[in-house]
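K.L.:
Supplied in structure tokens, the structure appears directly below.
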Amino acid sequence: PRVPAVLKKRLVKLVVNFLFYFRTDEAEPIGALLLERCRITKEEENVFSISFIEEPERKYCFECATEEQCQEWVEALKRASYEFLRRSLIFYRNEIQKMTGKDPLEQYGISEEARFQLGAHRQ
């Protein structure tokens with residue numbers, strides 16, 4: 001049986017792939033969610049949720065002031081994971097290489113082995 005949801009007003013701040021949450025009257029976060037291996041789902045007009053693959057029964061729900069704000073949060077959170085950033089790096093690296101004929105990572109001293117590993121994880 002589901003335990004009734006307890007609504008609490010919190011402020012949230014997205015920093016890279018962490019979603020920090022704060023009490024409205026405190027400057028220090030009371031917790032954080034690492035946005036890896038998670039699902040961001042639009043639940044209702046102004047509501048989205050975060051659930052984790054390892055703990056699908058646990059869901060964090062967030063209500064926004066507007067539909068537009070909710071959509072912005074959903075999109076930002078989906079782009080926040082390391083996996084999304086890694087796939088984006090691979091995609092753009094390949095596009096630049098097609099256009100210029102040069103590997104854009106070469107100038108940063110990325111080894112052949114690392115470039116191979118990046119290319120091997122395409123999805």
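The values are calculated or read from the model by the stated rules, or taken from the named source; none is laboratory data. This one's a predicted model, so the numbers in the text were calculated from it and none came from an experiment. Please note: Cβ atoms are built from the backbone with ideal geometry, for glycine as well, and neighbour counts cover all protein chains shown. SASA here: full protein model, heavy atoms, side chains in, ligands and nucleic acids out. Shrake-Rupley method; radii C 1.70, N 1.55, O 1.52, S 1.80 Å.
K.L.:
Exposed (fewer than 14 other Cβ atoms within 10 Å of the Cβ), over 17 Å from the mean Cα position of the chain (by Cα) and assigned to a loop (DSSP other than H, G, I, E, B): does that describe Glu26?
P.N.:
On the way: exposed (fewer than 14 other Cβ atoms within 10 Å of the Cβ): yes; over 17 Å from the mean Cα position of the chain (by Cα): yes; assigned to a loop (DSSP other than H, G, I, E, B): yes.
For Glu26, the condition - exposed (fewer than 14 other Cβ atoms within 10 Å of the Cβ), over 17 Å from the mean Cα position of the chain (by Cα) and assigned to a loop (DSSP other than H, G, I, E, B) - is met.
K.L.:
Here's something else I'd like to know. Across region 64-82, what is the total count of residues that are over 13 Å from Leu14 (Cβ atoms) and in contact (Cβ under 8 Å) with a residue 40 or more places away in the chain?
P.N.:
So the answer is 1.
K.L.:
Being without any contact (Cβ under 8 Å) to a residue 12 or more places away in the chain and either surrounded by 14 or more Cβ atoms within 10 Å (Cβ to Cβ) or part of a helix (DSSP H, G or I) (or both) narrows it down to one of Ile90, Ile50, Ile110, Ile40, so name that one. Step through it out loud before you land on a result.
P.N.:
On the way: Ile90 fails: without any contact (Cβ under 8 Å) to a residue 12 or more places away in the chain; Ile50 fails: without any contact (Cβ under 8 Å) to a residue 12 or more places away in the chain; Ile40 fails: without any contact (Cβ under 8 Å) to a residue 12 or more places away in the chain.
Sole residue among the options that is without any contact (Cβ under 8 Å) to a residue 12 or more places away in the chain and either surrounded by 14 or more Cβ atoms within 10 Å (Cβ to Cβ) or part of a helix (DSSP H, G or I) (or both): Ile110.
K.L.:
Now a separate question. Considering only residues that are at pLDDT below 85 and either closer than 30 Å to Val47 by Cβ or open to solvent by 60 Å² or more (accessible area, probe 1.4 Å) (or both), which ones fall in region 93-107?
P.N.:
Glu106, Gln107
K.L.:
Right, something else. Limited to region 56-67, what total is found for residues that are over 17 Å from Tyr21 (Cβ atoms) and either surrounded by 14 or more Cβ atoms within 10 Å (Cβ to Cβ) or of a type in the set (Asp, Glu) (or both)? Steps first, answer last, please.
P.N.:
Here is the first cut: in region 56-67, the ones over 17 Å from Tyr21 (Cβ atoms) are 56-57, 66-67.
Remaining after also requiring either surrounded by 14 or more Cβ atoms within 10 Å (Cβ to Cβ) or of a type in the set (Asp, Glu) (or both): 57, 67.
Count: 2.
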